[in-house]
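Only one structure is covered here, and it is reproduced in the block below.
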Amino acid sequence: MSEQQQYDLVVIGGGPGGYVCAIKAAQLGLKVACVEKRGSLGGTCLNVGCIPSKALLQSSEKFEETQGELANHGIKISKAELDLKTMLGRKDEVVKSLTQGVEGLFKKNKVTYIAGTGKITGQGEVTVDGKDKLAAKHIVIATGSTHADLPGVEIDEKKIVSSTGALSLSKVPKHMVVIGGGYIGLEMGAVWHRLGAEVTVVEYLDRLLPGMDGELGKNFKRFLDKQGFNFKLGTKVTGAKTTKSGVTLTVEPAKGGDSEEIQADVVLVAIGRKPFTDGLGAEDMGIEMDKRGVIQVDDHFRTNVPGVYAIGDVIPGPMLAHKAEEEGVALAEQLAGHAGHVNYETCPGIVYTWPEIAYVGRSEDELKERGIEYKVGKFYNAANSRARANGFTEGFIKVLADAKTDRVLGVHAMGPEAGNLIHEAVMAMEFQATSEDMARAFHGHPTLNEAVKEAAMAVTGKPIHS
């Protein structure tokens, strides 16, 4: 085997976890190669996930503003027209620039980028496209995830689409049905609703955003109701039939009852994601996985096969790009002989709808279930001066702190720029701050962040402005 084919580290997968791990390892002195079969780096996130969806959310929000919201600011627009082709083109350009940017980072940091399908074919060996062999002291599996399928609903990416297909519809559907009330379905539903589609969300559970704080989900649904979303909660989909005009869905109550049909132009299946390990050689190598295909690792991301590691969506934990990135950095540090650690307690979650939803740490539901005594501080954005000046006053900030120590256990936000505001709480929790620490810290005026300060004040006393 030639010198050029021998590496300290071979990463299979060029998504947020894989490419970050590769770059960090190279920065720490390792000889690194990254194998990616997509043809462009960035994984699902940059190519058909986080980035294109946020580009469309931004564009659709601007379009919606022209339909009436700007008039409240004294800006009158007689008629705004949708140019969907240009909007989708802008989305594609954003994706292209970022994926090319990752290639540039590989060159800058001397990471070898190998386009092709990588498979683990032996101890310390990765074969690309069935022919080129790479030798590696360490192999990292970072192949990410793909959409989960729903029995009886076959995705064709035309009328029945996954989140990938929902990013590139050729026209605005009259009626879109979203199967799944999680963040992916709600974000894509929001895009097409803003552009003129009627949207119906079908969710098996009796609430939106499963796993998040119950109060967030309840209030969020109320805002979406006002926006004109339709909901069928506690409902399961039992079948789908495509026709010339669209799709006929058959649904029934999750707890049992009479079935009914729903007619739609487009159906988006967004019931979650599953690890992508097909063709990886994991089973041949005896790599331990659970029944869902999730690769089992220890606290140092090691699989049961020596020299093979895994990070990101293929291992337990939330399937989030920033979680994969942190794991990639920590693992690279460990492989280079340094200390590397991920504090999962401070991993935030964000839903980029309107209003935005963001959280970090424990929810009230979790604290009650664990029997942890806590105090609550809450502040509504309607009392925040910057929110009022901006004209966006929906939502609130909620701080949860230990009843005895006052240490912040969780923060939950709904409203304008919640996804940015939550990082103040992430940093506070990373340094084990108390609610009093947050309340006593300077917050510039007028800013939306003042709502965080006031919510923290409310934990042990009273906020000033409500």
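No lab work stands behind these numbers, since they all come straight from the coordinates. Just so we're clear, the structure is a prediction, and the values are computed from it rather than from any experiment. Positions of Cβ are generated from backbone atoms using ideal geometry, with glycine treated the same way; all protein chains shown enter the neighbour counts.
Please rank Val408, Val237, fewest neighbouring Cβ atoms within 10 Å first, as an exposure proxy.
Details: Val408 27, Val237 23.
Listed from fewest to most nearby Cβ atoms, that is Val237, Val408.
Based on the alpha-carbon set only, what is the convex hull volume of the chain divided per residue, in Å³?
Values: hull volume 79.4 nm³, N = 466.
Taking only Cα atoms, the chain has a hull volume of 170 Å³ per residue.
Mind listing the Cα extents of the stretch 85-228 along all three principal axes, in Å, largest one first?
Principal extents (largest minus smallest coordinate, Cα): 57, 36, 31 Å.
Based on the Kirkwood radius over alpha-carbon pairs, what is the Stokes-Einstein translational diffusion coefficient of the stretch 398-466 at 37 °C with 0.692 mPa s viscosity, in µm²/s?
Details: Rh = 11.9 Å.
For the chosen part, D equals 276 µm²/s.
Quick one: grab the alpha carbon gyration tensor of the stretch 1-101, order the square roots of its eigenvalues as a ≥ b ≥ c, and give me rounded if a/c is under 1.5, else prolate or oblate depending on whether a/b is larger than b/c.
Here the stretch 1-101 falls in the prolate category.
Which shape class, rounded, prolate or oblate, goes with the stretch 290-334 when its Cα gyration tensor gives a ≥ b ≥ c as root eigenvalues, a/c under 1.5 marks rounded, and past that a/b bigger than b/c marks prolate? All intermediate terms of the calculation are to be shown ahead of the outcome.
Details: a/c = 2.56, a/b = 1.06, b/c = 2.42.
Because a/c hits 1.5 or more and a/b fails to exceed b/c, the stretch 290-334 counts as oblate.
Rank Gln227, Gly239, Gln263 by how far each Cα sits towards the positive end of the charge dipole of the stretch 173-296 (+1 on Lys, Arg Cβ; -1 on Asp, Glu Cβ) and give me just the farthest.
It is Gln227.
Go ahead and run the numbers for FRET between Lys54 and Asp365, Cβ-Cβ distance against an R0 of 30 Å, rounding to 0.05. Walk me through the intermediate numbers first.
Numbers: r = 28 Å, r/R0 = 0.93.
FRET efficiency, Lys54 to Asp365: 0.60.
Using only alpha carbons, build the gyration tensor for the stretch 346-460 and give me the equivalent ellipsoid semi-axes, biggest first, whole Å.
Values: eigenvalues 96, 46, 28 Å².
The equivalent ellipsoid of the stretch 346-460 has semi-axes of 22, 15, 12 Å.
Taking a ≥ b ≥ c as the square roots of the eigenvalues of the Cα gyration tensor of the stretch 137-216, is the shape rounded (a/c under 1.5), prolate (a/b larger than b/c) or oblate? Write down the numbers at each step before the final one.
Numbers: a/c = 1.91, a/b = 1.29, b/c = 1.48.
Since a/c reaches 1.5 but b/c is at least a/b, the shape of the stretch 137-216 is classed as oblate.
Where in the stretch 26-126 are there GluC sites (Glu not before Pro) that are in a DSSP coil and have at most 13 other Cβ atoms within 10 angstrom of their Cβ? Mind showing how you got there, number by number?
Working: sites: Glu36, Glu61, Glu64, Glu65, Glu69, Glu81, Glu93, Glu103, Glu125; in loops: Glu81.
Those satisfying the criteria are Glu81.
Hey, got a sec? Which trypsin sites (Lys or Arg not before Pro) in the stretch 1-84 land in a DSSP loop and have at most 12 other Cβ atoms within 10 Å?
Here the sparse-neighbourhood loop sites are Lys76, Lys79.
Report the Cys residues of the chain lacking a disulfide-compatible partner, meaning no second Cys Cβ under 4.7 Å from their Cβ.
Singleton cysteines: Cys21, Cys34, Cys347.
If the cut-off is 17 Å between C-alpha atoms, which aspartates and glutamates fall inside it for Lys54, apart from same-chain ones fewer than 8 positions away?
Straight-distance partners of Lys54: Glu64, Glu65, Asp92, Glu93, Glu187, Glu356, Glu417.
Listing Thr121, Thr143, Thr277 from the residue with the fewest other Cβ atoms within 10 Å to the one with the most, what is the order? Don't jump to the answer; show the numbers that get you there.
Values: Thr121 15, Thr143 31, Thr277 22.
In order of increasing Cβ crowding within 10 Å: Thr121, Thr277, Thr143.
Modelling each spin label as a point 7 Å along the Cα-to-Cβ direction, I'd like the Lys218/Asp83 distance in nm, to one decimal.
4.6
Given charges of +1 on the Cβ of Lys and Arg and -1 on the Cβ of Asp and Glu, with all other atoms neutral, how large is the dipole of the chain about its Cα centre, in debye to the nearest 20? If you can, show how the numbers build up before the last one.
On the way: 53 positive and 60 negative charges, 177 e Å.
Dipole magnitude for the chain comes out near 860 debye.
For the stretch 389-417 and the stretch 59-132, write down the distance between their C-alpha centroids in whole Å.
Taking the Cα centre of the stretch 59-132 as reference, the centre of the stretch 389-417 is 31 Å away.
To the nearest 20 Debye, how big is the dipole of the stretch 79-222 about its Cα centre, given +1 on the beta carbon of each Lys and Arg and -1 on that of each Asp and Glu? Don't jump to the answer; show the numbers that get you there.
Numbers: 21 positive and 18 negative charges, 97 e Å.
Around 460 debye, computed over the stretch 79-222.
Count the DSSP beta bridges whose two residues both fall in the stretch 160-271, then state the antiparallel fraction as a percent rounded to the nearest 5. Could you put the intermediate results ahead of the total?
On the way: 12 of 27 bridges.
In the stretch 160-271, DSSP labels about 45 percent of beta bridges as antiparallel.
When Ser363, Ser78, Ser170 are ordered from fewest to most other Cβ atoms inside 10 Å of their Cβ, what list results?
Ser78, Ser170, Ser363
For q values of 0.16 Å⁻¹, compute log₁₀ I(q)/I(0) with the Debye formula on a Cα-only model of the stretch 263-373, without solvent.
Computed log10 I(q)/I(0) values: -0.93.
Which lysines have a Cα less than 18 Å from the Cα of Lys375, not counting those fewer than 8 places away in the same chain?
Straight-line reach from Lys375, under 18 Å: Lys398, Lys404, Lys453, Lys462.
Quick one: P(r) of the stretch 199-318 from all Cα-Cα pairs, 10 Å bins, percents rounded to integers, in order of increasing distance.
For the stretch 199-318, the pair-distance distribution reads 11, 29, 24, 23, 13, 1.
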